[in-house]
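K.L.:
Got a structure for you, written out below as structure tokens; questions coming shortly.
The values are calculated or read from the model by the stated rules, or taken from the named source; none is laboratory data. It should be emphasised that the depicted structure is a prediction, and the values quoted were computed from it without experimental measurement. Counting neighbours? That spans all protein chains shown, and the Cβs are built from the backbone with ideal geometry, glycine included.
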Amino acid sequence: MSSSRLDQAERYRLHALYETGMSMRAIADALERAPSTISRELRRNQHARHYLPDHAQRISEHRRTQASRRPRIDAERIAQIEVLLSEDFSPQQIAGRTGLASHEWIYRHIYADHKRGGQLFTHLRKRRRKRRRRGMRDGRGQLTHRRSWMLALYLLTSTKTNMAALELMRHLGITLAFKLGPVNTSEAHQRLGRS
């Protein structure tokens, strides 16, 4: 099924099928088009709540001629944008109030200027956030030496093996998890009542 726009012959067939009371899905099957295409055609190209194929064709052609790409941004517009940036307007304000360019284009222009050694980025209110690569694990939430930590915590909680836990932690070079700083074994021995 194709989902592109309809031509004039298909519009006449659509009109005939629609007038018989067929459902949009049945019309779509008959025209071998997607149901969304039929729905969009009927919604956008009706005239006084009736679908007229000639009128729909004229509306469609008019829409197609009006839909031209936005003109490229010339040097004069770029100069206006840079003046507004130097007056500390945000890219969103420039795009919204003046319509000179989209805020995405303005940001791209600022960062390209920065790569060339320009100073436009200094007029931004917030510093650019460094983008994080997606899909890669960053290691947050992962405990290094997890098994060693678990064993050390287990040994610290048991009363008979405090010395073994301290020895294990000294061997692994692990600091205490509760921000107590590096393990001072002589202090730990005094706390435990051993010398």
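K.L.:
Just a yes or no: is a residue in region 32-41 hydrophobic (A, V, I, L, M, F, W, C) and modelled with pLDDT under 90?
P.N.:
Scanning region 32-41 turns up no residue that is hydrophobic (A, V, I, L, M, F, W, C) and modelled with pLDDT under 90.
K.L.:
Out of R58, R70, report the one residue that is at pLDDT 90 or above, of a type in the set (D, E, K, R) and out of contact with any Leu (no Cβ under 9 Å at 6 or more places or on another chain).
P.N.:
Exactly one of R58, R70 is at pLDDT 90 or above, of a type in the set (D, E, K, R) and out of contact with any Leu (no Cβ under 9 Å at 6 or more places or on another chain), namely R58.
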